[in-house]
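Novice: After the structure tokens below, expect a handful of questions from me.
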């Protein structure tokens, strides 16, 4: 008999341990060997959310390496976006995941306040929730446009902390 748990991480998959299912979760129940790659990618997203948000690695990176730590955290979050892509998640879901990472990086790049906000805005856990409830409908051209816009926003969010640190360094070296 197949189990419904996808990992041994605490508190991340409670809903599946007790036998209940979420919308879109039928393919991830572990009932078929065809779903093994999807299981693996979902477990990757669970591990990222667990370590980055529940173990506070993301805010600690932001505190230890101001500016660049937020970019590193967002870069690690791209692994969950890759998992969503490999799981054939809908483009709108991928766009929303990129937006969560961009908002996290932008808010985290604000001096002092950003470090506090990082402890409360858990983009990796939000992305995991999106993956578990992904939409399986066929993508439209407008969905791909949303993905491109979210990708551009994410690149801007990655560059902003680096530019801010560069400007600060230039100002201090005057």
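Novice: Once you keep just the Cα pairs under 8 angstrom separated by 6 or more residues, what percentage relative contact order results for region 28-172?
Specialist: Details: 186 pairs, mean separation 43.9, N = 145.
Value for region 28-172: 30 percent.
Novice: Taking neighbour counts of Cβ atoms within 10 Å as a proxy for exposure, in what order, fewest first, do 94, 76 appear?
Specialist: By the 10 Å Cβ count, ascending: 76, 94.
Novice: Using a Förster distance of 30 Å, how high is the FRET efficiency between residue 112 and residue 144, based on the Cβ-Cβ distance and rounded to 0.05?
Specialist: According to the calculation, E is roughly 0.20.
Novice: Could you run the Debye sum over the Cα atoms of region 28-172, one equal point scatterer each and no solvent, and tell me log10 of I(q)/I(0) at q = 0.13, 0.14, 0.16 Å⁻¹, two decimals?
Specialist: Treating every Cα as an identical point scatterer, log10 I(q)/I(0) equals -0.57, -0.65, -0.81.
Novice: Given a Förster distance of 30 angstrom, what is the FRET efficiency for residue 119 paired with residue 152, based on the Cβ-Cβ distance and rounded to 0.05?
Specialist: 0.60
Novice: Going by how many other beta carbons lie within 10 Å of each one, how would you line up 133, 46, 38, fewest first?
Specialist: Fewest to most other Cβ atoms nearby, the residues stand as 133, 38, 46.
Novice: Quick check on region 50-117: what are the equivalent-ellipsoid semi-axes from the Cα gyration tensor, as sqrt(5λ), descending, whole Å?
Specialist: Over the Cα atoms of region 50-117, the semi-axes work out to 23, 12, 9 Å.
All of the numbers you see were taken from the coordinates with simple rules; none came from a lab. This structure is a prediction, so every number in the text was calculated from the model and none was measured. Every residue, glycine as well, gets a Cβ built from its backbone with ideal geometry; the counts of neighbours run over all protein chains shown.
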